[in-house]
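Trainee: I have a structure here, written as structure tokens, and I will follow up with some questions on it.
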Amino acid sequence: MSATSISCREFRVRGRVQGVFYRASTQDRARALGLRGWAENLPDGSVRVVACGDEAAVSALGEWLWEGPAAAEVTDVTAAAIDDPGSQGFTTH
């Protein structure tokens, strides 16, 4: 039996991602994947997503961030590995 690999990543999502239920949709997807973290709007119009959990689930969320909800128009998603911030559950700010 192999051990589960845990990873934490910070994503920055750019495009038309505020005011289109992007954070709420990300929260739903992240919770379905069993991830911890949060999604928050930033002043520059982007959305910051911090996600921690099973490496495959974090990667799956990263792929989904390119789609987002139907009204979103994502133009860029960047990702960086980060230390675990110790969050509980998945929230929006």
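The values are calculated or read from the model by the stated rules, or taken from the named source; none is laboratory data. Quick caveat: nothing in here was measured; it's all calculated off a predicted structure. Every residue, glycine among them, receives a Cβ derived from its backbone with ideal geometry; neighbour counts consider all protein chains shown. SASA here: full protein model, heavy atoms, side chains in, ligands and nucleic acids out. Shrake-Rupley method; radii C 1.70, N 1.55, O 1.52, S 1.80 Å.
Trainee: Leaving out ligands and nucleic acids, note down the accessible area per residue over the chain with a 1.4 angstrom probe, in whole Å².
Mentor: Averaged over the residues of the chain, the accessible area is 55 Å².
Trainee: Still on this structure, I have one more. Between Ser87 and Val74, how many nm apart are label points set 7 Å from Cα along the C-beta direction?
Mentor: Distance between the two pseudo-spin positions: 1.5 nm.
Trainee: Can you give the charge dipole size of the chain about its Cα centre, rounded to the nearest 20 debye, using +1 on the beta carbon of Lys and Arg and -1 on the beta carbon of Asp and Glu?
Mentor: 200
Trainee: For the chain, which whole percent of the accessible surface, found with a 1.4 angstrom probe, sits on carbon and sulfur atoms?
Mentor: So the carbon and sulfur contribution to the accessible surface is 49 percent.
Trainee: Compute the angle between helix 55-65 and the longest alpha-carbon principal axis of the chain, please, reported from 0 to 90 degrees and rounded to the nearest 10.
Mentor: 10
Trainee: Viscosity 1.567 mPa s, temperature 4 °C: Stokes-Einstein D of the chain from its Kirkwood Cα radius, in µm² per second?
Mentor: My calculation gives 100 µm²/s for D.
Trainee: Taking the chain as a Gaussian network, where each spring joins two C-alpha atoms under 10 Å apart, which residue of Val77, Val50, Val58 fluctuates the most?
Mentor: Val77
Trainee: Pulled fully out, how much extra length does the chain show between Ala32 and Arg16, if you take 0.36 nm times their separation in residues and subtract their Cα-Cα distance?
Mentor: Stretched out fully, the Ala32 to Arg16 stretch lengthens by 3.4 nm.
Trainee: OK, next. Distance from the Cα centre of the stretch 74-93 to that of the stretch 34-52, in angstrom?
Mentor: 5
Trainee: Enter the angle in degrees (range 0 to 90, nearest 10) between the Cα long axis of helix 22-32 and the first principal axis of the Cα atoms of the chain, meaning the one along which they spread out most.
Mentor: 20
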